[in-house]
C-alpha cells in the first residue's frame, strides 16, 4: 500500500518540545570520550520487547524507532504496546516531502514518532544525539559508550545480501555479498566480537530476530546512528 494510505489513518499528537544536539563539535569533529572505560559486554536483548516484521515494505526506519519506544515503555512499566510503524514511516515521508518514494532519515522517523507514536503520554521533551562513522576504533568505543548509557541505538547501515544468510545456526553477518543499500535497525548490545542487532525481519531472521555484527563488518557498513537521551525519565510514574 502507498504511504498516502497510512498517512490518512494517523492523528497528530500534541506537539512536544524537542532539543537536538550532536556528538560532534562545531567543526564537525567527533567529541573526545577518551578516559571512558566501557564495560566488556552489554546485552539488552532480553529487555527488547517484541521483534516485528516489516515484510516487503521499505518501512525499516519506522519499525526500528517504534521498537525502541515500545522497549522503553515495556522496561519501565511492564506494559506491552504496539505502535503503528507504518503510520510513523508514512508521516516521515510527508516530512521528507517525498511521500511516494522509498526510505527516510533516522531523525525524520524520530520526529514522526514524536508526532504520532503517543510519546506525549510519557515524556515532555526529546533529546536526539548523532554518531557518524569514522571507520576507526574510536567510533566503536563511542558506540559502546552510547549503548551502555542509552540502551538502544537507532542505526542505519549499508547492508549486503550476506545479511540474508543469518540463521539460528550462524547468526553473524559476514563480509561480502551484493550491496543492497540502506537499512535501519536497532543496536541493543555488544561484546568483544561485535554489536547485537535487532532487525525488523521477523523471528526467522538470525537468532529469534537478532544477529551479531562483527566489528570489522560494522566499520565497513555503518553509516550513522541516532539515540534518545533521557527521553523516558519518569516514565514509570506516567
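The values are calculated or read from the model by the stated rules, or taken from the named source; none is laboratory data. As the structure is a computational prediction, the values presented were derived from the model and not from experiment. Cβ coordinates were reconstructed from backbone atoms using ideal geometry, including for glycine residues, and neighbour counts include every protein chain displayed.
Hey, could you check region 163-181 for residues that are surrounded by 15 or more Cβ atoms within 10 Å (Cβ to Cβ) and out of contact with any helix residue (DSSP H, G or I) (no Cβ under 8 Å at 6 or more places or on another chain) and say which is farthest from residue 38 (Cα to Cα)?
Only one residue fits best here, namely 165.
Search region 85-120 for residues being over 19 Å from residue 53 (Cβ atoms), in contact with a strand residue (DSSP E or B) (Cβ under 7 Å, 6 or more places away or on another chain) and modelled with pLDDT of 85 or more, and hand back the single one that is surrounded by the fewest Cβ atoms within 10 Å (Cβ to Cβ).
The extreme case among them is 107.
Suppose the filter is surrounded by fewer than 19 Cβ atoms within 10 Å (Cβ to Cβ) and part of a strand (DSSP E or B); does residue 189 pass it?
Criteria not met by residue 189.
Is it the case that residue 205 is within 18 Å of the chain's Cα centre (by Cα) and at pLDDT below 95?
no
What number of residues in region 48-89 are in a helix (DSSP H, G or I) and over 17 Å from the mean Cα position of the chain (by Cα)?
Final tally of qualifying residues: 2.
Identify, from the list 228, 146, 213, the residue that is part of a strand (DSSP E or B), modelled with pLDDT under 95 and under 19 Å from the mean Cα position of the chain (by Cα).
228
Could you check region 149-170 and list, in sequence order, the residues that are under 15 Å from the mean Cα position of the chain (by Cα) and either in a strand (DSSP E or B) or at pLDDT 95 or above (or both)?
153, 154, 155, 156, 157, 158, 159
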